[in-house]
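Here's the structure we're looking at; comments come further down.
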Amino acid sequence: MTKTRGYGTTLERKGSNGIVLPDGNLNNPSLTWLWRWCEGKAKSLAVVGLPEETFRSADATVKASLVFLKRFSKDDQKAWDAAWTAAKATHDAAFEAERDKLCDAFGTRIISGDDKDAARVLKELSAIGIERVPPAWFSADAPPYPKGISATKLKKVGWADSAKDRKKAAALVITRRLWETSDHFSPGSTLGASRSRW
């Protein structure tokens, strides 16, 4: 049940066919797009593995399988598209909430880890308008094939500030922290004078 269009032959709706495929094509990650496209166009009836001896008479030792497909009817196609749209909407909402939760949970640890001193300095910077921005997730561009799923990526850690002079403000906080924590650091010392000019 095929019909010819241009230079190719296509399977009619509700038509069935069998394809011999090397097993590498069935589980090759680079061909995921092809299988996703196929499963949106036809029902997979069966995948039958063939023994290596099948093509030995032709001096071939390739391991292959028979893939049997049946093309969707118009109603099948509508049902599939509706199911895909509904499932994608449901899963997108669920996974977006999960990704938000993970970013919130690990954002602070990514910025300062378990270093209490770093966390204290960042808190003081935040108080004067300089704030470390934790990484946020975003969806990469969707693959070019039909019904492609975008990969999740993270933005780099950045800064958000309302301070007019970030370097000067940061230097003030760092200098004050060194002053408070160092026994050899005082405003009148050479070290103190040099560090206060950071």
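Bear in mind these aren't lab numbers, they're just calculated from the coordinates by the rules spelled out. Predicted model, so just to flag it, every value in this text is computed and none were measured. A quick note on method: Cβ atoms are made from the backbone with ideal geometry, for glycine too, and the neighbour counts reach across all protein chains shown.
What to note about this one:
- Placing R0 at 41 angstrom, the Cβ-Cβ distance between Asn27 and Ala79 gives a FRET efficiency of 0.90 after rounding to 0.05.
- Look at the dipole of the range 2-72 built from charges on Cβ: of Leu31, Ser44, Ala60, the Cα furthest out on the positive end belongs to Ser44.
- With a threshold of 24 Å on the Cα-Cα distance, the over-threshold entries among Lys63/Lys147; Lys123/Lys155; Lys63/Lys88; Lys41/Lys155; Lys43/Lys153 are Lys63/Lys147; Lys63/Lys88; Lys41/Lys155; Lys43/Lys153.
- If R0 is taken as 22 Å, the Cβ-Cβ distance between Ala58 and Asn17 corresponds to a FRET efficiency of 0.50.
- Evaluating kT/(6 pi eta Rh) at 10 °C and 1.306 mPa s, with the Kirkwood radius of the range 1-156 over Cα pairs in the Stokes-Einstein relation, gives 77 µm² s⁻¹.
- For Ala136, residues with placed amide H under 5 Å, excluding near neighbours: Lys155
- Rough spin-label spacing in nm, given labels placed 7 Å along Cα→Cβ, for Leu50 and Lys116: 7.0 nm
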